[in-house]
Each structure stands twice: as C-alpha cells, then as structure tokens.
Amino acid sequence: MPLFCFNTAADYLDAARQMADTGRPTLARLLAEEAADRVSDAAEAARILNEFPGSSLRQED
C-alpha cells in the first residue's frame, strides 16, 4: 500500500478520488471534506463537496 503525504487540498482530493474509485465512499467523503476546508474559495469548496455527495460524516467536539 502506498504511503500518502497530505500537504495540500489537492493531495486530499486526489486521495478522495482514489478511495471513491476503489469503493470506499465514506473515506472518500471525509477526505473531500478536508480538501474543501483547505481551499479559500467557497465556490471551489462547494464544487469539491458536490463531487462526493452525502452529508457530513465528521464528529465535532
């Protein structure tokens, strides 16, 4: 299994797409949410989340 290095929104988005392609939609959504949090443009964040539909799976403190 490859080791992932997550430094940018693009890193999280690439990993989200890989998880979606391999049948892991829950993990894909979580990674997409993190990618969306790391972009400063609200429209781009919305586009990212629209690519991975579903409600938020995060548990906030």
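The values are calculated or read from the model by the stated rules, or taken from the named source; none is laboratory data. Everything numeric here is computed off the predicted structure, so don't read it as measured data. Counting neighbours? That spans all protein chains shown, and the Cβs are built from the backbone with ideal geometry, glycine included. All accessible areas refer to the heavy atoms of the entire protein, side chains included, with ligands and DNA or RNA removed. Shrake-Rupley method; radii C 1.70, N 1.55, O 1.52, S 1.80 Å.
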Using +1 on the beta carbon of Lys and Arg, -1 on that of Asp and Glu, and nothing else charged, what's the dipole of the chain about the Cα centre, debye to 20? 200 debye
Please report, as a whole percent, how much of the solvent-accessible surface of the chain comes from carbon and sulfur atoms (probe radius 1.4 Å). 53 percent
Please compute the per residue accessible area over the chain with all protein chains in place, 1.4 Å probe, rounded to a whole number of Å². 71 Å²
Using Cα Rg over 2.2 N^0.38 Å as the read-out, say which of (1) 1.11; (2) 1.06; (3) 2.45 was calculated from these coordinates. (2)
Please work out how much length the chain gains when fully extended from Thr22 to Ala42, using 0.36 nm per residue of separation minus the C-alpha to C-alpha distance, in nm with one decimal. 4.4 nm
